[in-house]
Amino acid sequence: GAAMLRSLGALLCLWALRPPAGTGVAARGLDVASYRERVRAMFYHAYEHYLESAFPYDELRPLTCDGQDTWGSFSLTLIDALDTLLILGNVSEFQRVVNVLQEGVDFDIDVNASVFETNIRVVGGLLSAHLLSRKAGVEVEAGWPCSGPLLRMAEEAARKLLPAFQTPTGMPYGTVNLLHGVNPGETPVTCTAGIGTFIVEFATLSHLTGDPVFEDVARKALKALWKNRSDIGLVGNHIDVITAKWVAQDAGIGAGVDSYFEYLVKGAILLQDKELMSMFLEYNKAIKNYTKFDDWYLWVQMYKGTVSMPVFQSLEAYWPGLQSLIGDVDNAMRTFLNYYTVWKQFGGLPEFYNIPQGYTVDKREGYPLRPELIESAMYLYRATRDPTLLELGRDAVESIEKISKVDCGFATIKDLRDHRLDNRMESFFLAETVKYLYLLFDPDNFIHNDGSVFDVVVTPFGECVLNAGGYIFNTEAHPIDPAALHCCRKRKEEQWEVEDLMQEFYSRKKTKKFTLTRAPDHGERESAKAPEDASSEKAGEKRNSKKSSHSLLSCPSQSFNSKLAVLGQVFLDNT
């Protein structure tokens, strides 16, 4: 009897030590480094063929090995791929492309451009590259990051979009002519995402340039959508920007709405803005109440909440990543696993998937190499380290290579059932899909920095901390360094306000500039020192604070009202 109990105990012990569900031999043996190198090779196969066959057009046509303009005429793939080059570690090509763009891209052109796409791809891509250019070894101007050629280009592109916002509601038109503004006779119907996806780029622009107009129009548009939500708390798909009447009344988390919700969360984090976060949390309740069934999300009528389409769209796969950003990891994982079963069924995510029937929807069987499921896997892997997420990355690399790789790049999959291809490679393949795959397989990338390493940069407005991590990706996967928003404050009263705060903190003589010394080893309080004490420290010197009891910039998570970052300096409340 005792022997039997012992062997039972040993079995139970073995059971307790088993790997968690979903690992399996494949994932445990998954060679992360070799997949990372395969992703790198994917990038260059596509990028080099774009340069060879398609530049200066917007996009590569991989089946005919030529190029086409799609969203404007500004070498879009080059702008979209720029920050991916740096994430892969290619500084020399980054520097070359920066020069090419400065010389070759012109926004004074007679082209009708999507306001939404130009913002997320062009303005977002240029802002991100501007903020990363010093890290990439570009010789930056004295006033950087508050000035620079890429910032001027981003501002010029954004100014071309401003006429679209001149409507009675503040909600923008969907299309603008880059030379003439809004065309007479332009349709006033815009999708929700096309109204609510500006705050990340436009607030960054306002903070860097000192011109508040960009952030102001973005906020006004966000608030107009909020004001026009239905009584049950939902927004529809398309709205008339003149009359504020909903034209398409389907409510859901996918196409036409998606990045509005994403930007409420990311805008809240970037700007430490309680109002944006509370808007999202209200929407989140309504979405759970009316659209969520068994960890799937359906489309419902925005006023009644009745189901209008029991469909999963591939664009919705960003949602688990967004849930992980607000800390709702368990729900995120369950929904992710639903979406992953669809991927496994087809070797990709069809644009539409009928949930009750478990199959594709007519005319929506394609997969244009979208990033959303991989993006969610990247976020969730940072949160959980669950190896199932690496398995999705592995499956994505194998699928994309097997089905869509052609001699001249990677082609959109027209139909996942028979693997027919389309003659298009969207710029988001290099901006997002490849980037998120690489970051999933590269745990030590500078993008994942936890604040233990950072740069201190001297600007005309004082010192500021940069490259400390916490990057916010725009919806085209262009990373924005949130600390940069505190480098270029030009309003004098803010300077005084900060100085009063500092006096309260340290009851010391008022001075113009403060820097933070390394966190002391014995838990005593950090000291502020006047600039003359800091003169020996070279501008932009790297500091590594791993020795300290906790790193300077990996702050404990804070509620939105405890703002401890002042003018880019981070103060820890460990008194």
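The values are calculated or read from the model by the stated rules, or taken from the named source; none is laboratory data. No experiment lies behind these values; they were computed from the predicted model shown. All Cβ positions, glycine included, derive from the backbone under ideal geometry; neighbour counts span all protein chains shown. The protein model used for the area step is the full one, side chains on, heavy atoms only, and it has no ligands, DNA or RNA in it. Shrake-Rupley method; radii C 1.70, N 1.55, O 1.52, S 1.80 Å.
Just one residue in the set Arg382, Arg394 is more than 19 Å from Gln323 (Cα to Cα), open to solvent by 20 Å² or more (accessible area, probe 1.4 Å) and either in contact with a helix residue (DSSP H, G or I) (Cβ under 8 Å, 6 or more places away or on another chain) or modelled with pLDDT under 95 (or both); that residue is Arg394.
Here is a yes/no grid of residues against (1) modelled with pLDDT of 95 or more; (2) over 28 Å from Gly185 (Cα atoms); (3) assigned to a strand (DSSP E or B); (4) among the hydroxyl-bearing types (Ser, Thr, Tyr):
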site: Asp211; (1), (2), (3), (4): yes, yes, no, no
site: Glu215; (1), (2), (3), (4): yes, no, no, no
site: Arg219; (1), (2), (3), (4): yes, no, no, no
site: Lys223; (1), (2), (3), (4): yes, no, no, no
site: Ile232; (1), (2), (3), (4): yes, yes, no, no
site: Val235; (1), (2), (3), (4): yes, no, no, no
site: Thr243; (1), (2), (3), (4): yes, no, no, yes
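Counting only residues that are of a type in the set (Phe, Trp, Tyr) and farther than 24 Å from Leu437 by Cα, which one in region 87-120 is surrounded by the fewest Cβ atoms within 10 Å (Cβ to Cβ)?
Narrowing region 87-120 to residues of a type in the set (Phe, Trp, Tyr): 94, 107, 116.
Pick out the ones that are also farther than 24 Å from Leu437 by Cα and you get 107, 116.
Details: Phe107: 20, Phe116: 24.
Checked region 87-120; the qualifying residue surrounded by the fewest Cβ atoms within 10 Å (Cβ to Cβ) is Phe107.
Go through region 216-254 and give me each residue that's β-branched (Val, Ile, Thr), over 21 Å from Lys288 (Cα atoms) and open to solvent by less than 20 Å² (accessible area, probe 1.4 Å). Talk me through it step by step, then tell me what you get.
Taking region 216-254 and keeping what is β-branched (Val, Ile, Thr), we get 217, 232, 235, 239, 241-243, 247, 253.
Those still in the list that are over 21 Å from Lys288 (Cα atoms) too: 217, 239, 241-243, 247.
Result: Ile239, Val241.
For (1) on the phi < 0 side of the Ramachandran plot; (2) open to solvent by 40 Å² or more (accessible area, probe 1.4 Å); (3) at pLDDT below 95; (4) within 18 Å of the chain's Cα centre (by Cα), each residue gets a yes or a no:
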| site | (1), (2), (3), (4) |
| --- | --- |
| Ser259 | yes, no, no, yes |
| Tyr263 | yes, no, no, yes |
| Asp273 | yes, no, no, yes |
| Thr291 | yes, no, no, no |
| Val300 | yes, no, no, no |
| Lys304 | yes, yes, no, no |
| Trp319 | yes, no, no, yes |
| Arg334 | yes, yes, no, no |
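Can you tell me how many residues within region 173-194 are more than 13 Å from Ala248 (Cβ to Cβ) and buried (at least 24 other Cβ atoms within 10 Å of the Cβ)? Total meeting the criteria: 2. Of all the criteria given as (1) in a loop (DSSP other than H, G, I, E, B); (2) closer than 30 Å to Arg394 by Cα; (3) among the charged types (D, E, K, R), the one not satisfied by Arg489 is (2).
Contact map, region 422-444: residues that are farther than 17 Å from Tyr50 by Cβ paired with residues that are open to solvent by 20 Å² or more (accessible area, probe 1.4 Å), Cβ distance under 6 Å, separation 6+ or inter-chain. Pairs shown: Leu440/Tyr381; Phe441/Val32; Phe441/Tyr35; Phe441/Arg36; Asp442/Arg36. Checking each residue of region 151-160 against the condition of being over 23 Å from Phe461 (Cβ atoms), in contact with a Pro (Cβ under 8 Å, 6 or more places away or on another chain) and surrounded by 22 or more Cβ atoms within 10 Å (Cβ to Cβ) gives no match. Filtered by the rule that a residue be more than 15 Å from Leu298 (Cα to Cα) and of a type in the set (Phe, Trp, Tyr), region 337-356 gives Tyr340, Trp343, Phe346.
For Phe410, the criteria (1) open to solvent by less than 10 Å² (accessible area, probe 1.4 Å); (2) out of contact with any strand residue (DSSP E or B) (no Cβ under 8 Å at 6 or more places or on another chain); (3) of a type outside the set (A, V, I, L, M) hold in every case but one, which is (2).
For Asp450, state whether it is free of Cβ contacts under 8 Å to residues at least 24 places away in the same chain, under 22 Å from the mean Cα position of the chain (by Cα) and open to solvent by 40 Å² or more (accessible area, probe 1.4 Å). Here the answer is no, as Asp450 does not meet what is asked. Of the residues making up region 34-72, those that are open to solvent by 20 Å² or more (accessible area, probe 1.4 Å) and closer than 18 Å to Thr84 by Cα are Tyr35, Arg36, Glu37, Arg38, Arg40, Ala41, Tyr44, His45, Glu48, His49, Leu51, Phe55.
Residues in region 127-150 that are open to solvent by less than 40 Å² (accessible area, probe 1.4 Å) and in a helix (DSSP H, G or I): Leu127, Ser128, Ala129, His130, Leu131, Leu132, Leu150. Restricting region 413-434 to residues that are surrounded by fewer than 23 Cβ atoms within 10 Å (Cβ to Cβ) and assigned to a strand (DSSP E or B), the residue that is farthest from the chain's Cα centre (by Cα) is Arg420. So is Arg364 under 19 Å from the mean Cα position of the chain (by Cα) and more than 18 Å from Asn338 (Cα to Cα) or not? Taking the combined requirement at face value, the residue does not satisfy it.
Listed by first and then second residue, the pairs linking a residue in region 157-178 that is over 13 Å from Ile239 (Cβ atoms) and without any contact (Cβ under 8 Å) to a residue 24 or more places away in the chain to a residue that is of a type in the set (A, V, I, L, M, F, W, C) and assigned to a loop (DSSP other than H, G, I, E, B), with Cβ atoms under 9 Å apart and 6 or more places separating them unless they lie on different chains, are Arg159/Phe107; Pro163/Val182; Gln166/Val182.
Residues that are assigned to a strand (DSSP E or B), touching a strand residue (DSSP E or B) at 6+ places or on another chain (Cβ under 6 Å) and either polar (S, T, N, Q) or at pLDDT below 95 (or both) within region 151-199 comprise Thr175, Asn177, listed in sequence order.
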